[in-house]
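Below: one structure, written as structure tokens.
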Amino acid sequence: MRRNIASSRHKAGSFIAKPAFTKCWFLPVWLMLGLSRLIIVTLTFRRIAPYLGNSIGVSAYSHILTNKQEAQALRIARVVRLTARYCPWVSNCFPQAITTRLLLGIYRIPYSLYFGLCRDPETNQFKAHAWVTAGRIPVSGGHSFQYYTIVGCYIKP
């Protein structure tokens, strides 16, 4: 019991120490991750794709951002990554990519959303991944270009 209380106090103190941006966006991002997961489970990719941006095929595309836009993209990356850890549902790369795309769209930051595939050397099966970049900032999904072959790219309309 004491351990739970101490852990809760630590988590509360840690949350209070977070930047205002993170505290303000935590609950909305949590809800967006849930909604994104629900959309992924219930709709086909063909129905989701038009809302991801303009498809440019398998090309890699990078925007040039201002310093202010890069700083905002980093804040968005942190809040999405933090919030995904506290979701009771699966918040892997795809829900995070959709949520990141929505937040970047709200702040009018140019983005590129990628889908990639690679073959797992141990199991010889394909693994899929989704990631978002804004300029040179990997906003969600990390530095994935070296591991995955791009099979689709969507950019800000």
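Just so it is clear, none of the values below were taken in a lab; they were calculated from the coordinates. These numbers were taken from a predicted model, which means no experiment stands behind them. When we count neighbours, we look across all protein chains shown, and the Cβ atoms used for this are built from the backbone with ideal geometry, even at glycine.
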(request) Add +1 for every Lys or Arg and -1 for every Asp or Glu among the other residues with Cβ under 12 Å from the Cβ of residue 91, and state the total. (result) +3
(request) Search the structure for amide H atoms under 5 Å from the amide H of residue 135, placed 1.01 Å from N in the peptide plane, and list their residues when 5 or more places away or on another chain. (result) 63, 112
(message) Quick check on the chain: helices-only [θ] at 222 nm, where DSSP H runs of length 4 and up contribute -39,500 (n - 2.57) each and the sum goes over total residues. Nearest 500, please.
(response) -15500 deg cm²/dmol
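For a quick protection proxy, order the peptides 115-124, 25-34, 93-102 by their average other-Cβ count within 10 Å, most packed first.
With the highest mean Cβ count within 10 Å placed first, the list reads 93-102, 25-34, 115-124.
Using the Cβ atoms and a cut-off under 15 Å, what net charge is assigned to the surroundings of residue 52, where Lys and Arg are +1 and Asp and Glu are -1? Show your work: numbers first, answer last.
Numbers: positive: 46, 47, 101, 156; negative: none.
Computed value for this residue: +4.
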(request) Measure out, as a whole number of angstrom, how far apart the alpha-carbon centroids of the range 19-47 and the range 80-157 sit. (result) 13
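Relative to 2.2 N^0.38 Å, what does the C-alpha radius of gyration of the chain come to as a ratio? Two decimals please. Before the final figure, lay out the partial values.
Numbers: Rg = 16.8 Å, N = 157, 2.2 N^0.38 = 15.0 Å.
My calculation over the Cα atoms of the chain gives 1.12.
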(message) Angle check, please: helix 67-84 long axis (alpha carbons) against the longest principal axis of the chain (alpha carbons), in degrees 0 to 90, nearest 10.
(response) 70
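Taking the Cβ of residue 135 as the centre, find all other residues whose Cβ is under 13 Å away and add up their charges (Lys, Arg: +1; Asp, Glu: -1).
Values: positive: 68, 136, 156; negative: 70.
With Lys, Arg at +1 and Asp, Glu at -1, the neighbours total +2.
Pull out the extension gain between residue 66 and residue 17, defined as 0.36 nm times the separation in residues minus the alpha carbon to alpha carbon distance; nm, one decimal. Intermediate results must be reported in sequence, preceding the final value.
Details: separation 49, 0.36 × 49 = 17.64 nm, distance 2.75 nm.
Extra length from residue 66 to residue 17 when fully extended: 14.9 nm.
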(request) Note down the relative contact order for the chain as a percent, whole number, built from C-alpha pairs under 8 angstrom at least six residues apart. (result) 29
